[in-house]
Amino acid sequence: MDLLLDSVLGAIGKTPLVALDRLRVAEGVEPRILAKLEYFSPGASVKDRAALRMLEEAEKSGALLPGQTVIELTSGNMGIGLAVACAVKGYRFTAVMSRGNSRERWRVMKALGAKVVLVPQAKGGVPGKVTGEDLARVEKKAQELARRDGAFRVDQFKNPANPAAHRDGTGEEIWDQSEGKVDNFVAIAGTGGTFVGVSSALKKHNPNIGCFVVEPAGAPVLAGGRVTSPRHKIQGTGYALVPEIWDPSLCDGYLTVTDAEAVRTARLLASREGILAGFSGGANVAASMKLARKLSGEKTVVTIVPDTGLKYLSTDLFP
Ligand code: PMP
């Protein structure tokens, strides 16, 4: 641990990897499940890493110039990560977000100095359940504003620096912290940056590590399944679209979780492990337990807790 950091950006990443032994035993699961707690970063999510790396690469390439405005579409966490990085680096930042995401998220971005533009959900939209259609509206607005303001558009769904941050950071850290004792990796995908980056790092060390993507039960598009219900509670993920940075060659299998499983597991993580996760953390751990039940006892499954339950206090996650 560094004693003194030049700025809070030095506190991004290097997050704890924690054995979920109490939950595992209570649920009768034998293999070890390890969770990377990404809410320890300054913006309290996994997206801080990608936010910082995308700005750094853009500065290096000249795509982002001093004094330029930064703009991005976000479900909240990327916006919070960018707001943190832009505050330190001195860029103005505009976040474009669906009104369907939780209130805490845009209030946090505003507190960090960002300008927040909220885009109404598509017809019939349900607050707390942001669909691919909602996201398409946000994308349109972000493009419009970027053109109008001559802003630097981060483009997290396409930007190769997004998975690179997880390949060089999250993935390498998991390998080191587990001392290479990883058999399987499990993660849900929003942009796919976390899954693609971590899986490529782990497979480089050991091609036998099995990497499993998690999808909402009603929208298993990466698995090639039918979308029966694109509306789910796992904000920031499962948009019922194949993200551009998705790489099927890294994916060894597909898992699904229901809203009820994600919520139940997030509550168990809080009460059994003292880990206050968001919906996607609940989903990742629920899926990891499903996989673990099919494995022999000496195996290890690693997963991600992407953000904190504190970002969902306005929802029904923790009544
Ligand atoms: N969980 C949450 C809460 C998120 O906000 C995100 C990112 N939108 C993810 C998981 C998925 O991360 P990625 O974009 O790297 O796939």
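Rule-based calculations on the coordinates, nothing more; no lab input. All figures in this text were calculated on a predicted structure; none of them were measured in a lab. Note that we place each Cβ from the backbone using ideal geometry, even for glycine, and neighbour counts take in every protein chain shown.
Here are the numbers for this structure:
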{"quantity": "Scan of segment 104-135 for residues that are in a helix (DSSP H, G or I) and either exposed (fewer than 15 other Cβ atoms within 10 Å of the Cβ) or more than 19 Å from the chain's Cα centre (by Cα) (or both), ordered by number", "calculated": "ARG107, LYS110, ALA111, GLU133"}
{"quantity": "In segment 267-283, residue nearest to the ligand (Cβ to nearest atom) [restricted to those that are buried (at least 19 other Cβ atoms within 10 Å of the Cβ) and more than 22 Å from HIS166 (Cβ to Cβ)]", "calculated": "LEU276"}
{"quantity": "Sole residue being in a helix (DSSP H, G or I), small (Gly, Ala, Ser), crowded, with 20+ Cβ neighbours inside 10 Å and within 12 Å of the ligand (Cβ to nearest atom), chosen from GLY197, GLY238", "calculated": "GLY197"}
{"quantity": "Selected residue [without any contact (Cβ under 8 Å) to a residue 60 or more places away in the chain and touching a helix residue (DSSP H, G or I) at 6+ places or on another chain (Cβ under 8 Å)] from VAL46, VAL96, VAL84", "calculated": "VAL96"}
{"quantity": "Residue that is nearest to the ligand (Cβ to nearest atom) [pool: residues in segment 292-319 that are out of contact with any strand residue (DSSP E or B) (no Cβ under 9 Å at 6 or more places or on another chain) and not in a loop (DSSP other than H, G, I, E, B)]", "calculated": "TYR312"}
{"quantity": "Answer residue from segment 15-65, given it is within 16 Å of ALA266 (Cα to Cα) and among the basic types (Lys, Arg) and is surrounded by the most Cβ atoms within 10 Å (Cβ to Cβ) among those", "calculated": "LYS36"}
{"quantity": "Test: residue in segment 25-40 that is of a type outside the set (S, T, N, Q), farther than 24 Å from ALA286 by Cβ and touching a residue at least 12 places away in the same chain (Cβ under 8 Å)", "calculated": "no"}
